[in-house]
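Asks: One structure coming up, written as structure tokens, with questions to follow.
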Amino acid sequence: MPRISHPRSSSTPLHEGGELALIERIRRRTGGGASTALRLGIGDDCAILRPRAGEDLLVTTDFSLEGRHFRRDWHSPQSIGHRTLARGLSDLAAMGAHPMAAFLSLALPRAVARDTDWLDGFLDGLLELAKQHGVPLAGGDTSESPSEQVLADIILLGSAPRGQALRRSGARGGDLIYCTGALGGAAAEFAQVQDGRGGKTQTASSMNPHLFPQPRLAAGQALLRRKLATACIDTSDGISTDLAHLCEASGVNAEIDAANLPLHPLAQPLKPEAALKAALHGGEDYELLFTAKASVKMPRKLGGVPLTVIGRVVAKKRRAPQVTLIAADGSRSALAPQGWEHLR
């Protein structure tokens, strides 16, 4: 099956609208990339990468499925391309990794494959984010979709010093819980998109956390480099769900102070109950949720992004809630995971 990395001469005739034309169009857009680890990219049967000595290779993959993660009548092609890559980059950020290369597999309905405006917009969004973070598109695959829906799969390769990648399993009782940036903005903007407001936005900004989420790579890399964090995860599924994952991996419980949650400007106008729900359960904020020893002097910002203490880690106790939410009035309640989970 031909791949994005399928060898071909640029002078070979193309059948308009066919798979080879699609592959060639993508190849011409990708350029060489900035990763020193990529020794051979698009143009052969395989890409060749060479991590530096003393580094671990980190690999993550994410599906982006039309009707589940985006809709062409709601999202611009630029947003869809950006979001496709941002999902994988956020996973690398959560482990403090440096991106090395991306691999994109696309299954397109025939009509979409022939829509050069849509395809160019998709590549604009994906490749602009790739350029920002120095990650080359090194290959992938193309296919005709078995339905009228677009299916995209992104594979990201990254590197971290051997044995030092941030993980979910290092939190201990007494650690403080931090998050980067602001929460609830993606859920608030998604509600606007559902109502038909602003979904076709083509340019990324901080006021578009759903349409153009910003993976916190610089913050994650700083956490690793400066050895600040004991555990880390990204908030793709929502604080309540992702904190539960971290607690489970670390064998601890946690307490969250509702009054300390940093609300995104889009979530601030919501009624208090709706704002709290967006911050805790909304998901797709792609911020970093991490723990650190209370004795660590944490900077106010990392990678240009504000840090906020939102709670603390406590020792695991039998019959105690895994996560406890402390309201502004001091009342306490169990915080059940209510973020996103497929197949639930």
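The values are calculated or read from the model by the stated rules, or taken from the named source; none is laboratory data. The structure presented is a predicted model; accordingly, all values stated were derived computationally and were not measured. Reconstructed Cβ throughout: ideal geometry from the backbone, glycine too, with neighbour counts over all protein chains shown. The accessibility values were calculated without ligands, DNA or RNA, using every heavy atom of the protein model including side chains. Shrake-Rupley method; radii C 1.70, N 1.55, O 1.52, S 1.80 Å.
Asks: Go over the candidates 249, 231, 259 one by one and state the one that is open to solvent by less than 20 Å² (accessible area, probe 1.4 Å) and at negative phi.
Replies: Values: 249 fails: open to solvent by less than 20 Å² (accessible area, probe 1.4 Å); 259 fails: open to solvent by less than 20 Å² (accessible area, probe 1.4 Å).
Exactly one of 249, 231, 259 is open to solvent by less than 20 Å² (accessible area, probe 1.4 Å) and at negative phi, namely 231.
Asks: Starting from residues that are open to solvent by less than 60 Å² (accessible area, probe 1.4 Å) and under 19 Å from residue 120 (Cβ atoms), keep the ones in region 60-78 and report whichever is nearest to the chain's Cα centre (by Cα).
Replies: First, pick out the residues of region 60-78 that are open to solvent by less than 60 Å² (accessible area, probe 1.4 Å): 60, 62, 64-67, 69-70, 74-78.
Narrowing further to those that are under 19 Å from residue 120 (Cβ atoms): 64, 66, 70, 75-78.
Working: 64: 11, 66: 17, 70: 14, 75: 17, 76: 18, 77: 18, 78: 16 Å.
The residue in question is 64.
Asks: In the set 141, 91, 115, which member is closer than 29 Å to residue 232 by Cα and either of a type outside the set (A, V, I, L, M) or open to solvent by 30 Å² or more (accessible area, probe 1.4 Å) (or both)? Full working, then the answer.
Replies: Working: 141 fails: closer than 29 Å to residue 232 by Cα; 115 fails: closer than 29 Å to residue 232 by Cα.
Just a single option satisfies the conditions, and that option is 91.
Asks: Being modelled with pLDDT of 75 or more, in a loop (DSSP other than H, G, I, E, B) and surrounded by 14 or more Cβ atoms within 10 Å (Cβ to Cβ), is that true of even one residue in region 6-18?
Replies: Our first condition is that a residue be modelled with pLDDT of 75 or more; within region 6-18, this holds for none.
No, region 6-18 has no match at all.
Asks: Test each condition in (1) farther than 30 Å from residue 41 by Cβ; (2) open to solvent by less than 10 Å² (accessible area, probe 1.4 Å) for residue 181 and report the one that comes out false.
Replies: Of everything listed in (1) farther than 30 Å from residue 41 by Cβ; (2) open to solvent by less than 10 Å² (accessible area, probe 1.4 Å), residue 181 misses just condition (2).
Asks: Follow-up. Going by the conditions given, is residue 158 closer than 28 Å to residue 222 by Cα and either touching a residue at least 40 places away in the same chain (Cβ under 8 Å) or outside the structural domain of residue 311 (by the TED database) (or both)?
Replies: yes
Asks: Could you say which residue among 61, 84 is modelled with pLDDT of 75 or more and either part of a helix (DSSP H, G or I) or of a type outside the set (Val, Ile, Thr) (or both)?
Replies: On the way: 61 fails: either part of a helix (DSSP H, G or I) or of a type outside the set (Val, Ile, Thr) (or both).
Exactly one of 61, 84 is modelled with pLDDT of 75 or more and either part of a helix (DSSP H, G or I) or of a type outside the set (Val, Ile, Thr) (or both), namely 84.
Asks: Something else about it: Would you please list the contacts, defined by Cβ atoms under 7 Å and residues six or more apart or on different chains, that run from a residue in region 198-217 that is at pLDDT below 75 to a residue that is surrounded by fewer than 20 Cβ atoms within 10 Å (Cβ to Cβ) and in a loop (DSSP other than H, G, I, E, B)?
Replies: Within 7 Å, the pairs are 199/74.
Asks: Do we find a residue being open to solvent by less than 70 Å² (accessible area, probe 1.4 Å), acidic (Asp, Glu) and not assigned by the TED database to the domain that holds residue 136 anywhere in region 24-39?
Replies: Checking region 24-39: at least one residue is open to solvent by less than 70 Å² (accessible area, probe 1.4 Å), acidic (Asp, Glu) and not assigned by the TED database to the domain that holds residue 136.
Asks: Now for a separate question. May I ask you to say which residue of 140, 121 is at positive phi and either assigned by the TED database to the domain that holds residue 60 or modelled with pLDDT under 90 (or both)?
Replies: None of the others qualify; the one that does is 140.
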